[in-house]
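So the structure is just underneath, and the comments pick up after that.
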Amino acid sequence: MSADDLETCSVCLDALSSGTCSFLVSDQIQSVTIRACPHFIHTACAVKLRPRKCPLCRAHFSRLSAPLDQKWLSSMTSEELVRGLRRLDGLRGVARLPAAMFS
Ligand SMILES: [Zn+2]
Ligand SMILES: [Zn+2]
C-alpha cells in the first residue's frame, strides 16, 4: 500500500480532502468495530459500491464508519495517517482478533 492510497479516493480518484470520508467496517463485535481494511473512501462514493467490496483490496464490508472529520483528515500527513490507523486498530482491539479474519 502506498501513501497515495491513503490520500486519494479509489472510487473517483479525487483527493480524500475534497469530501467526507469513511472507512469500511466488516463487523461489529459487542462495542468493537472491526475495520474491513485500512483504506479510506469518500462516504458518498462508498455508499454506491455494489457489491460491498473495497475497490482497492476487495475486502468485503457490511457498512461504513461514521463520516470522519475533514479537518482531522486534512491536517494529517500520510505518515501520520498510517500511524493513526495503527493506533486506531490497537484501540479497537483488532490485534486481539484471529489473523484469519483479515486474510
Ligand atoms: Zn470518491
Ligand atoms: Zn481496502
Query raised in the report: Whose amide H sits under 5 Å from the amide H of Ser10, counting only residues 5 or more places off or on another chain, with H placed in the peptide plane?
Result: His42
Report summary line: Note, segment 35-47: 3J(HN,Hα) by Karplus (6.51, -1.76, 1.60, θ = phi - 60°), whole Hz, Gly/Pro = x, goes 6, 6, 6, x, 8, 10, 9, 3, 4, 5, 6, 5, 5
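No lab work stands behind these numbers, since they all come straight from the coordinates. Please read all numbers here as calculations on a predicted model, not as lab measurements.
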